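The values are calculated or read from the model by the stated rules, or taken from the named source; none is laboratory data. Everything numeric in this text was worked out from a predicted model, so none of it was measured. Please note: Cβ atoms are built from the backbone with ideal geometry, for glycine as well, and neighbour counts cover all protein chains shown.
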Amino acid sequence: MYENLTGEQFKELPEEQKKEALVELTKHYPTIKELAEHLRVKGNVAGIWVAKYVLGHQMGRQKGQVTDQLNEVSEKESISSIFSTNLESQQLAGNEAKERIMGIGSSLLDDKKYAVSLIVNELQPV
């Protein structure tokens with residue numbers, strides 16, 4: 001039934017049919033390489049599909065996983081640092097210093113609190 005299925009057509013199938021299609025196709029194309037060639041997709045894509053739909057592996061990170069880990073850490077410590085950055089340099093030209101400082105500033109979130117310490121010294125030739 002799925003002998004002429006391509007990767008693009010596979011993507012359009014309903015979730016329940018994807019497993020059925022891959023189970024059937026893996027009988028005819030037992031290696032990931034053969035399956036990928038048949039579907040006209042890259043081998044890693046075919047491998048991910050088999051892992052997800054045939055073997056039932058969950059792909060990607062579960063929602064809330066990082067938040068839960070951070071909550072566990074913060075419960076153990078009264079203050080924890082989630083984000084940290086450091087800028088150390090012997091000498092930077094003015095435009096280089098501006099770019100680095102603006103880069104750090106753009107990574108800060110509006111709704112979070114930060115402890116900031118910044119010392120800038122203008123250098124003069126001796």
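Picking from residues in the stretch 1-28 that are loosely packed, with under 11 Cβ neighbours inside 10 Å, in a loop (DSSP other than H, G, I, E, B) and of a type outside the set (S, T, N, Q), the one that is modelled with the lowest pLDDT is Met1.
Every residue in the stretch 29-52 that is assigned to a helix (DSSP H, G or I), closer than 19 Å to Met1 by Cα and among the charged types (D, E, K, R), please.
Just the residues of the stretch 29-52 that are assigned to a helix (DSSP H, G or I), to begin with: 32-39, 43-52.
Checking which are closer than 19 Å to Met1 by Cα leaves us with 34-39, 46, 49-50.
Correct list: Glu34, Glu37.
You will find that of Gly56, Gly105, the residue that is at pLDDT 70 or above, exposed (fewer than 10 other Cβ atoms within 10 Å of the Cβ) and part of a helix (DSSP H, G or I) is Gly105 and no other. Taken together, the residues in the stretch 72-102 that are at pLDDT 80 or above and of a type in the set (A, V, I, L, M, F, W, C) amount to 5. As a summary of the residue check, Gln69 satisfies the conditions (1) closer than 30 Å to Thr26 by Cα; (2) at pLDDT below 70 except for the one numbered (1).
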